[in-house]
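Got a structure here, written out as structure tokens. Questions coming.
Read the figures in this text as sums done on the coordinates, not as results from a lab. What you see is a predicted model; the values in this text were computed from it and never measured. Note: ideal-geometry Cβ built from the backbone for every residue, glycine included; neighbour counts use all protein chains shown.
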Amino acid sequence: MENEGSSSNSNEVPPSQPLQSLSISPQPQLSLKERYDLVRSIGEECIQEDELERLLANKPNIVCYDGFEPSGRMHIAQGVMKAINVNKLTSAGCKVKIWIADWFAQLNNKMGGDLKKIQVIGQYLIEIWKAVGMNIEGGQVEFLWSSEEINSRAHEYWPLVMDIARRNKLPRVLRCCQIMGRSEQDELSAAQIFYPCMQCADIFFLKADICQLGMDQRKVNMLAREYCDDIKRKNKPIILSHHMLPGLQEGQEKMSKSDPSSSIFMEDEEADVNLKIKKAFCPPKVVEKNPCLEYIKYIVIPWFNEFTVERKPDNGGDKTFKSFEDLVADYESGQLHPGDLKPALAKALNRILQPVRDHFINDPKAKDLLKRVKVRPAVGGPAAENDVLHGCGPFQTAVERECFGCGRALRELAAVVAGGVAAAATEERALEAFGEGVFFADRLVAARLIRFEDGVVLLKAARAGAALHPREAAAGVEDESPLDGGSFKVKADEDVGRRRNKRAKKRKKMLIEGIMVKMMGEEI
């Protein structure tokens, strides 16, 4: 590939100052049962438990495989839960290989398919895990870049991929599309169809005994076990699928980068965390599908080994819960109210995230890396080369911007006015959306192009704030035909273009100026 000659330098993780460590400390004298319980606690599902027990009993150097696509912002499930799980595995004596799937992100058109931007994000995410306390010292955790490893051992990798592809029908491969955040009904590129065969091959290429991935990766992990049957291989990889944290809003089964209000991100400021938790769905006395309780169960208690609620004496006084079961008992009975639980949860999450914030302020290398990924174009200024964070990239044309978090074209609440000054949508709901952080989110707003005689170009949001992708954007939107993939096609509203009276022009000008002021304010 084009940057092969410099890939090792570009992928080098910058050195850091000493960082926090998690409460899970290495204990080499753990019994077999203790090791099994520790490893098994990671997975919501384990295939198969008896195989896991035999593996721990008989193999001294167990290899666990985890991986990720560098694709923009890191939410707390990916940042903290992965650190907790990796530290459990190393404490149980396992070696963890973390596959930085830069080539896979390119196949999946993340960051617009720009490998350099993908690798910058990869370095940034590694730095977050270092800062949050992943136990990467001592050689038990190894970060491997897919582009480098595949290039160096291509003679091993590609025959394996081709054999997996040869043995599977297309419908079976398409059922794995969930691993890429796609569905079987999506229109996929040939590269994306090839993706599941490559991910399946990774397991054998890395000589993994355990696949430690999310439940959304289950289908391709099962494909690997089926491949073992095809080739008559006795030792199958054990699938340890961890729980997927839900979004913070009602009915959101999975935390999504597309909806910033649904997730806590690793670079969120304290005020952001407080506001998101305050607005989170948390019905009194209801435990099932309660995202706040899931955060406590899967993040806070595993991290601190307890959860403390501070209350006024009239409300029962302060109480520390040593187990999730004790907390559930109080919550279901009504003794613990969401009004007390939410501030305690926000405080605990901020305690976890604060060392990460401090690290990116105080560590020169980390600070420089954050600057590289967080550069944003000035209002009306030229596009920034490394604007790859927060889901939104620079303007690509007068009416199109690209989300480098997912590589999709975004019709945002933004446009370009004569002279290169940025403006935004006209509708009231669109203006309100600025306050919700939609502007820098991986959000899509289906729009119509409206042209005025004086050359002003702005986007009128047809569905302001709609969290849709290009292929879905036009559904139910008047005067819009379906948008094709990443392309952006809009229609000029000729009727509006004929409005030439001075009063209308004056109103439009005042509106644009007001939006410009808002965009240059604190929200942006």
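Kindly state, to the nearest 0.05, the FRET efficiency for residue 41 paired with residue 175, given R0 = 41 Å and r defined as their beta-carbon distance.
Using R0 = 41 Å, I get an efficiency of 0.90.
Something else: Using a 10 Å cut-off around each Cβ, can you sort 129, 103 from fewest to most neighbouring Cβ atoms?
Neighbour counts put them in this order, fewest first: 103, 129.
Using just the Cα positions, wrap segment 4-242 in a convex hull and report its mean projected area in square nanometres, one decimal place.
13.0
What are the residues whose amide H is under 5 Å from the amide H of residue 252, where those residues sit 5 or more places off or on another chain and H is modelled from the backbone?
247
In segment 115-227, if the dipole is taken from +1 on Lys/Arg beta carbons and -1 on Asp/Glu beta carbons about the Cα centre, which of 158, 125, 222 is farthest to the positive end?
Toward the positive end, the furthest listed residue is 222.
So, R0 is 22 Å and r is the distance between the beta-carbons of residue 219 and residue 253; what FRET efficiency does that work out to, to 0.05?
0.85
State which entries of 88/279; 95/116; 82/254 exceed 20 angstrom in Cα-Cα distance in the structure shown.
Long pairs (Cα-Cα over 20 Å): 88/279; 95/116.
Below 8 Å between Cα atoms, with a sequence gap of 6+, how large is the relative contact order for segment 260-362 in percent?
Reported as a whole number, the value is 33 percent.
Averaging sequence separations of C-alpha pairs under 8 Å and six or more residues apart, then dividing by the length of segment 4-242, give the relative contact order as a whole percent.
Relative contact order comes out at 26 percent.
Treat the count of other C-beta atoms within 10 Å as a stand-in for reagent exposure and order 111, 266, 162 from fewest to most.
Ordered by Cβ neighbours within 10 Å, fewest first: 162, 266, 111.
So if each residue of separation counts as 0.36 nm, and I subtract the Cα-Cα distance between residue 148 and residue 233, what length gain in nm does that give?
Contour length minus the Cα-Cα distance gives 27.8 nm.
Further question: Tell me, what is the FRET efficiency for residue 58 and residue 289 to the nearest 0.05, using R0 = 51 angstrom and their Cβ-Cβ distance as r?
Plugging the Cβ-Cβ distance into 1/(1 + (r/R0)^6) gives 0.80.
Return the Cα extents of segment 118-226 along principal axes one, two and three, sorted largest first, each rounded to a whole Å.
Result for segment 118-226: principal-axis Cα extents of 42, 31, 25 Å.
Which order results if 90, 308 are arranged by neighbouring Cβ count within 10 Å, fewest first?
Result, fewest neighbours first: 308, 90.
According to a simple spin-label model (label point 7 Å from Cα along Cα-to-Cβ), what is the distance in nm between residue 329 and residue 187?
5.8
Mind listing the phi-derived Karplus ³J(HN,Hα) values for segment 38-50, rounded to whole Hz, using 6.51, -1.76 and 1.60 with θ = phi - 60°, and x for any glycine or proline?
5, 5, 5, 5, 6, x, 6, 9, 10, 10, 10, 5, 5
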